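Visitor: Could you have a look at this structure, given as structure tokens, before my questions?
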Protein chains: 2
Amino acid sequence: MKIIRSLTAMTAWSEQLKREGVRIGFAPTMGALHDGHRALIRAARLQCDALVVSIFVNPTQFGPNEDLAKYPRPLSQDRAICKKEGVDVCFEPTVKAMYPSGFQALVALPAIARRWEGEVRPHHFSGVATVVTKLFGIVRPQIALFGQKDFQQSALVRQLVKDLNLGVEIVVHPTVREADGLARSSRNIYLSPDDRIRAATLYKSLQTGAEAIRRGVTDGVSIQKTMLQAIRGEPAMTIDYLSVCDPSTLEPLFSVRSRVVLLGAVRLGSVRLIDNLLVTTPRRVT
Amino acid sequence: MKIIRSLTAMTAWSEQLKREGVRIGFAPTMGALHDGHRALIRAARLQCDALVVSIFVNPTQFGPNEDLAKYPRPLSQDRAICKKEGVDVCFEPTVKAMYPSGFQALVALPAIARRWEGEVRPHHFSGVATVVTKLFGIVRPQIALFGQKDFQQSALVRQLVKDLNLGVEIVVHPTVREADGLARSSRNIYLSPDDRIRAATLYKSLQTGAEAIRRGVTDGVSIQKTMLQAIRGEPAMTIDYLSVCDPSTLEPLFSVRSRVVLLGAVRLGSVRLIDNLLVTTPRRVT
């Protein structure tokens, strides 16, 4: 496995292979790789000839009171995982190379970024859209994979690629979960042992919503209430939002038709957890 | 010469040629091609193997009170010029294909866009940055040419490519002028015969500034005063700005060192004219 830190070396590597007809896959990460990343990397391997994984803790997507400084950075462990999973290039740009003096560009998708995570984290999604545009420009992949756990991010990236004609195929990889249903996340290590046990309640809440839809409930507010009730049994958990949305626009749905996404975000102490479920409504006999 | 209207057909054409090692040049235009464009296209021809010229009157870079509706669109004449100059593809996307329903992406370069044209035209440069990012994504050229007449635009595009790692070489082509010095522009046709004669005063004003610099004047405010005086002799002309700036950041310079750009914008009746001169300060014997 090659480790590349230089932006121009990364582009040169990709361009060289593309001239030879090689299909390049790309999985952008912030490192601290867990089983969710591992599954995503394995899925990526099957869809390309050469695979690039980037490890870059992007400062512009963190808010001023967020965990940028203490975000886990187990680099040698991450490299070992990449190597074991058959990654061809581990791309590790520096913050200075990505954001040199004079840097000012900003890519925004105001409609998708407005609600949910965007409301709690005001500049988060323009940070994401900008760094993804940059990484695509440097790595130049044919296909890129994102985790479904960050659902709003994956919807944003799809819209970004469409709107700016970036010409990269986007694949969203299903969330990998612990035995009790908790979505794998690099931030789960922040949970105290007690909160770790409580954390699965978020997934259980989303499941009650999904079950209601499968039972035929179509009223968005009723589905939301069902999910809220499931969390109220866990007083240590504070709800940021629980919503029933259109999977493309992320607008809340008052009446459920075809595919919906159930989005949830909660707090346990100082730790924030997000999760989601994509649900296809049952076919009706007409 | 091929005429392509479909975005995907445009990308496919470029990708096919690039696989064969062809170097693709690109000149984005809004049509209404004049001798300035012609010179730029000829220069482009010499720097690439296959040349794409886009003709697209981009609505998002016009303000609500600007001339979008009446902007000249002599399409068959434009095509004839492209054909004569050896253009390989005339790319003519529709507004609907470029901005389909749900489109929302916005690319901004706030520091470069803040002053001068950006102050008079608040959303102009984010419209330009967004459409250029899109066109580069669709056409995928190795090199792209812009006219120096829109100096701030060319500085913005350079910064855009650098910041978003778009990997396109940017060449800025010198302004082509009428016999009396007036910069060629698609909007010159709006000038009344009297105003057409007056219009050359803007260029003459910039020249007095350049002469002052060549004589050794280094004080930005003095240079600006010299330029202002040259225009005050033409009472029909209203000054929007006349400035002495750093050519990369477009920040005004109070003390002139090495290269500077003199920027000017004036109004004659309802017509707005812009022009600029790049000046290298004289070497001093030390």
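The values are calculated or read from the model by the stated rules, or taken from the named source; none is laboratory data. Since we're looking at a predicted model, the values are computed, not measured. For neighbour counting, all protein chains shown are included, and Cβ atoms are generated from backbone atoms with ideal geometry for every residue, glycine included.
This table checks each residue for (1) farther than 24 Å from A:Arg5 by Cα; (2) over 14 Å from the mean Cα position of the chain (by Cα).
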| position | (1), (2) |
| --- | --- |
| A:Glu117 | yes, no |
| A:Val131 | no, no |
| A:Phe136 | no, yes |
| A:Lys149 | yes, no |
| A:Val168 | no, yes |
| A:Ala179 | yes, yes |
| A:Ile189 | yes, yes |
| A:Pro193 | yes, yes |
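Visitor: Out of curiosity, is A:Val128 within 14 Å of chain B (Cβ to nearest Cβ) and either closer than 16 Å to A:Gly264 by Cβ or surrounded by 24 or more Cβ atoms within 10 Å (Cβ to Cβ) (or both)?
Guide: yes
Visitor: Here is a further query. Looking at B:Phe151, B:Phe136, which one is crowded, with 23+ Cβ neighbours inside 10 Å, aromatic (Phe, Trp, Tyr) and closer than 25 Å to A:Gly167 by Cα?
Guide: B:Phe136 is the lone residue from the list that is crowded, with 23+ Cβ neighbours inside 10 Å, aromatic (Phe, Trp, Tyr) and closer than 25 Å to A:Gly167 by Cα.
Visitor: Regarding A:Leu51, is this residue over 14 Å from the mean Cα position of the chain (by Cα) and crowded, with 20+ Cβ neighbours inside 10 Å?
Guide: yes
Visitor: So A:Gly167 ticks every box in (1) within 21 Å of A:Pro64 (Cβ to Cβ); (2) small (Gly, Ala, Ser); (3) at the interface with chain B (Cβ under 10 Å from one of its Cβ atoms) but one. Which box is left unticked?
Guide: It fails just one condition, (1).
Visitor: Listed residues A:Arg140, A:Arg187; which is touching an Asp or Glu at 6+ places or on another chain (Cβ under 9 Å) and modelled with pLDDT under 95?
Guide: Exactly one residue qualifies, and that residue is A:Arg187.
Visitor: List the number of the failed condition for B:Ser154; all other conditions in (1) in contact (Cβ under 8 Å) with a residue 24 or more places away in the chain; (2) of a type outside the set (D, E, K, R); (3) more than 9 Å from chain A (Cβ to nearest Cβ) hold.
Guide: The single condition B:Ser154 does not satisfy is (1).
Visitor: Among the numbered conditions (1) within 21 Å of A:Arg23 (Cβ to Cβ); (2) within 11 Å of chain B (Cβ to nearest Cβ); (3) touching a residue at least 60 places away in the same chain (Cβ under 8 Å); (4) not acidic (Asp, Glu), tell me where A:Val161 comes up short.
Guide: A:Val161 satisfies every listed condition except (3).
Visitor: Please go through region B:187-218 and pick out each residue that is of a type outside the set (Val, Ile, Thr), outside any loop (DSSP other than H, G, I, E, B), free of Cβ contacts under 8 Å to residues at least 40 places away in the same chain and under 16 Å from B:Leu263 (Cα atoms).
Guide: B:Lys204, B:Glu211, B:Ala212
Visitor: While we're on this one: Restricting to region B:139-148, and then to whatever is more than 12 Å from every other protein chain (Cβ to nearest Cβ), among the hydrophobic types (A, V, I, L, M, F, W, C) and buried (at least 18 other Cβ atoms within 10 Å of the Cβ), can you tell me which residue is farthest from B:Asp88 (Cα to Cα)?
Guide: Among residues in region B:139-148 that are more than 12 Å from every other protein chain (Cβ to nearest Cβ), among the hydrophobic types (A, V, I, L, M, F, W, C) and buried (at least 18 other Cβ atoms within 10 Å of the Cβ), the one farthest from B:Asp88 (Cα to Cα) is B:Phe146.
Visitor: With respect to the numbered conditions (1) over 20 Å from B:Arg177 (Cα atoms); (2) surrounded by 14 or more Cβ atoms within 10 Å (Cβ to Cβ); (3) within 22 Å of the chain's Cα centre (by Cα), which one is the sole condition not fulfilled by B:Gly209?
Guide: Only one criterion in (1) over 20 Å from B:Arg177 (Cα atoms); (2) surrounded by 14 or more Cβ atoms within 10 Å (Cβ to Cβ); (3) within 22 Å of the chain's Cα centre (by Cα) is unmet by B:Gly209, namely (1).
Visitor: Testing B:Val285 on (1) at pLDDT 95 or above; (2) in a loop (DSSP other than H, G, I, E, B), one condition comes back false. Which one is that?
Guide: Result: B:Val285 passes all but (1).
Visitor: Restricting attention to region B:235-251, does a residue exist that is in a helix (DSSP H, G or I), modelled with pLDDT of 95 or more and either of a type in the set (Val, Ile, Thr) or exposed (fewer than 13 other Cβ atoms within 10 Å of the Cβ) (or both)?
Guide: Checked region B:235-251: no residue is in a helix (DSSP H, G or I), modelled with pLDDT of 95 or more and either of a type in the set (Val, Ile, Thr) or exposed (fewer than 13 other Cβ atoms within 10 Å of the Cβ) (or both).
Visitor: Let me ask something else about it. Could you pull out the residue among B:Ile197, B:Ile223 that is in contact with a helix residue (DSSP H, G or I) (Cβ under 6 Å, 6 or more places away or on another chain), at pLDDT 95 or above and aliphatic (A, V, I, L, M)?
Guide: Among B:Ile197, B:Ile223, only B:Ile223 is in contact with a helix residue (DSSP H, G or I) (Cβ under 6 Å, 6 or more places away or on another chain), at pLDDT 95 or above and aliphatic (A, V, I, L, M).
Visitor: Given the condition surrounded by 24 or more Cβ atoms within 10 Å (Cβ to Cβ), closer than 17 Å to B:Ser126 by Cβ and touching a residue at least 12 places away in the same chain (Cβ under 8 Å), answer yes or no: does some residue in region A:112-120 qualify?
Guide: Yes, because at least one residue in region A:112-120 is surrounded by 24 or more Cβ atoms within 10 Å (Cβ to Cβ), closer than 17 Å to B:Ser126 by Cβ and touching a residue at least 12 places away in the same chain (Cβ under 8 Å).
Visitor: Which of (1) farther than 30 Å from A:Pro110 by Cβ; (2) among the aliphatic types (A, V, I, L, M); (3) surrounded by fewer than 18 Cβ atoms within 10 Å (Cβ to Cβ) does A:Leu191 not meet, given it meets every other one?
Guide: (3)
Visitor: OK, next. Considering only region A:38-69, how many residues are in contact with a Phe, Trp or Tyr (Cβ under 6 Å, 6 or more places away or on another chain) and of a type in the set (Gly, Ala, Ser)?
Guide: 1
Visitor: Here's something else I'd like to know. Across region A:61-102, what is the total count of residues that are surrounded by 18 or more Cβ atoms within 10 Å (Cβ to Cβ) and within 26 Å of A:Gln159 (Cβ to Cβ)?
Guide: 6
Visitor: Counting only residues that are part of a helix (DSSP H, G or I) and under 30 Å from B:Val266 (Cα atoms), how many does region B:96-120 have?
Guide: 9
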